[in-house]
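As structure tokens, the structure follows; a few thoughts come after it.
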């Protein structure tokens with residue numbers, strides 16, 4: 001049996017396209033929000049330095065916490081099933097590398 005592709009699953013009501021919301025969110029992303037995410041992640045992990053650590057962000061959504069982990073020094077691996085979420089994470093990563 002052939003597996004349904006993401007778009008078919010959305011049409012059939014089996015999945016929600018969270019990535020569309022994340023794209024809108026990124027339009028209002030500021031340096032302050034990135035810093036808040038970084039601090040939030042550091043508090044949750046009870047660690048402010050992730051140098052030489054690997055961070056796996058499953059269901060990365062906007063990519064904000066992937067970026068936060070990267071800013072804390074981690075090697076980051078991000079994945080998501082939603083193609084729009086993947087694109088958001090790629091855009092955020094490219095933007096952060098260009099600065």
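Descriptive notes on the structure:
- Identification of helices (runs of 4 or more DSSP H) wholly contained in the range 31-99 with 3 or more residues that are closer than 29 Å to residue 6 by Cβ, within 16 Å of the chain's Cα centre (by Cα) and without any contact (Cβ under 8 Å) to a residue 24 or more places away in the chain yields 83-97.
- Scanning the range 1-24 for residues that are in a helix (DSSP H, G or I) and out of contact with any helix residue (DSSP H, G or I) (no Cβ under 8 Å at 6 or more places or on another chain) yields 7, 8, 9, 10, 11, 21, 24.
Only the coordinates and a few stated rules stand behind these numbers; no lab work does. Just so it is clear, the structure is predicted and the values come from calculations on it, not from any experiment. So basically every Cβ, Gly included, is an ideal-geometry build from the backbone, and we count neighbours across all protein chains shown.
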